[in-house]
Ligand SMILES: [Zn+2]
């Protein structure tokens, strides 16, 4: 039998890029949900994951948004589909600007909701990825996590999908029947660019490829385009992996020493090293960086 070997291009990486989908908030807010009902929106997101080899994501739950019969039923659907459930606090306070006492109680309040599900894991993701503006507050919470057997639900690839979703919903209020291809293209470009940035930075910082966790939100944008996004990532050479596998990477046990604490774990370790100042902006991701381009395109 003949084998045809394709020579590897010089600029093509020889390692496998791997990424898991981690989704924040599980938004059950019916007030602002054009095009789909809440359950259609939720089903579309779950269908996209299922379609891509039954991909298992992690959903970081903000308790206040699911604290209803419907919310809890929806969370059960995620659980029963095999997705990992994590803690994202009950009220979604920003830790910078909230006391340790108030914030830690809020984590425990959320735990009473999420721990009822079999795929719940004691893993925490900070709202806004802000982990404290002083060493004292940061370290108090790190100790609290150790005492309660929590792991860090770090993001490695941060982005601003929420800002695109915001524009999309505003646009649909004015023009309910418009073609949304321009939003899809902008979204796919945005995520693949941010993924490439964090992937390259991670290899420089850690000296090896790591398993990535992409942060996106439970939104209309993802109900519409998650399937396309997953296909685009695969097309760009990313292997989609289950969130539970991704979080086994030792990178998720690291506790960087920077103040203010937080952002992507890749960004935080790069910041701590002091070697990448020219390519680190603060905050690492925000709407303001995407606004000029979105304005230009009329999004
Ligand atoms: Zn959030």
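The values are calculated or read from the model by the stated rules, or taken from the named source; none is laboratory data. Since we're looking at a predicted model, the values are computed, not measured. Don't worry about glycine lacking a Cβ; one is built from the backbone with ideal geometry, like all the others, and counts go over all protein chains shown.
What the table below lists for this structure:
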item	result
Unique residue being within 15 Å of the ligand (Cβ to nearest atom) and under 18 Å from residue 247 (Cβ atoms) when the list is 92, 83, 88	88
Unmet criterion (only one of (1) under 22 Å from residue 128 (Cα atoms); (2) assigned to a loop (DSSP other than H, G, I, E, B)) for residue 59	(2)
Given (1) outside any helix (DSSP H, G or I); (2) within 16 Å of the ligand (Cβ to nearest atom), index of the condition residue 121 fails	(2)
Matching entry among 256, 283 (being out of contact with any strand residue (DSSP E or B) (no Cβ under 7 Å at 6 or more places or on another chain), more than 30 Å from residue 37 (Cα to Cα) and away from the ligand (no atom under 16 Å from the Cβ))	256
Qualifying residue in region 150-164 (condition: more than 16 Å from the ligand (Cβ to nearest atom), within 21 Å of residue 260 (Cα to Cα) and not in a loop (DSSP other than H, G, I, E, B))	yes
Contacts under 8 angstrom Cβ, first residue in region 61-72 being on the phi < 0 side of the Ramachandran plot, partner assigned to a helix (DSSP H, G or I) and within 13 Å of the ligand (Cβ to nearest atom), 6 or more apart	61/110; 62/110; 62/127; 63/110; 71/65; 72/66
Matching residues, region 73-127, being at positive phi and modelled with pLDDT under 95	97
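Rundown of residues vs (1) touching a residue at least 24 places away in the same chain (Cβ under 8 Å); (2) buried (at least 24 other Cβ atoms within 10 Å of the Cβ); (3) over 23 Å from residue 133 (Cβ atoms); (4) under 14 Å from the mean Cα position of the chain (by Cα), yes/no style:
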site	(1), (2), (3), (4)
203	no, no, yes, no
211	yes, no, yes, yes
214	yes, yes, yes, yes
231	yes, no, yes, no
238	yes, no, yes, no
261	yes, yes, no, no
264	yes, yes, no, yes
272	no, no, no, no
